[in-house]
Amino acid sequence: MDKKNCFLLGEIRKVHGYRGELILRINEPSGISRMEPGEPVFLDIEGGLVPFFLTTVEERDQRTAVIALDDVDTEEKARRLTGIAVYLPGTRPGGNGMNETGLSSLVGYEVFTPQGKSLGLVEEAEELPMHWVLRLRSPEGEKLIPLHEDLIVEIDRGRKRMVMDLPEGLTEI
């Protein structure tokens, strides 16, 4: 499987218990609905995506799940997987076609409101503990705005423009 055909779901943070279960930190909360026992997830091991089949998925909250993988049945085997990125096949839920590579490709895009006002140029897509943010550079200075599929109105890859419908007052903070 190629990373271009997947999206980054999250990262294995630590071992849970002694039977090989793992704590998965989820970057894309709506991705958890696509995790089903018997279905594969792909772990980024030494630069390549390796399939592992889920045996159990227990959602703890929007950003955390306890998972068990086929053939990972001891604490020792699980420990070797901590810190590993986890991918799911397809595009990121939400239909914008964004994946890990897509987030970094937003650098240099100009962000606009639906009314056509420029908010600035994207300097970085950054993961914070609860969500992703875009770091923008504008004449008024640096701005951080949340990056969430519900806020994205349009992405024009040809013109390197993105339209976002942000809550009123958010950019003045």
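Some points to look at:
- Working from label points 7 Å from Cα in the Cα-to-Cβ sense, the Phe53 to Ser138 distance is 5.1 nm.
- Rounded to 5, percent antiparallel among DSSP beta bridges of the chain: 95 percent
- When the square roots of the Cα gyration tensor eigenvalues are ordered a ≥ b ≥ c, the ratio a/c for the stretch 105-172 is under 1.5, which makes its shape rounded.
- Length gained when the stretch Glu154-Glu36 is fully extended (0.36 nm per residue, less Cα-Cα span): 39.4 nm
- Taking a ≥ b ≥ c as the square roots of the Cα gyration tensor eigenvalues, the stretch 1-43 comes out prolate, since a/c reaches at least 1.5 and a/b is larger than b/c.
- Full extension of the chain segment joining Glu75 with Asp2 gains 23.4 nm, where the gain is 0.36 nm per residue of separation less the Cα-Cα distance.
- Sorted largest first, the spans of the alpha carbon positions of the stretch 3-94 along the three principal axes are 36, 29, 22 Å.
- Using alpha carbons only: equivalent-ellipsoid semi-axes of the chain, gyration tensor based, whole Å: 34, 16, 13
- Only DSSP H runs of four or more residues enter the estimate; each adds -39500 (n - 2.57), and after division by the residues of the chain the mean residue ellipticity at 222 nm equals -1000 deg cm²/dmol.
- Cα centroids of the stretch 107-123 and the stretch 1-52: 32 Å apart.
Since every read-out is calculated from the coordinates, none of them should be taken as a lab result. This is a predicted model, so every value here is computed, not measured. Glycine also receives a Cβ, built like all others from the backbone with ideal geometry; neighbour counts cover every protein chain displayed.
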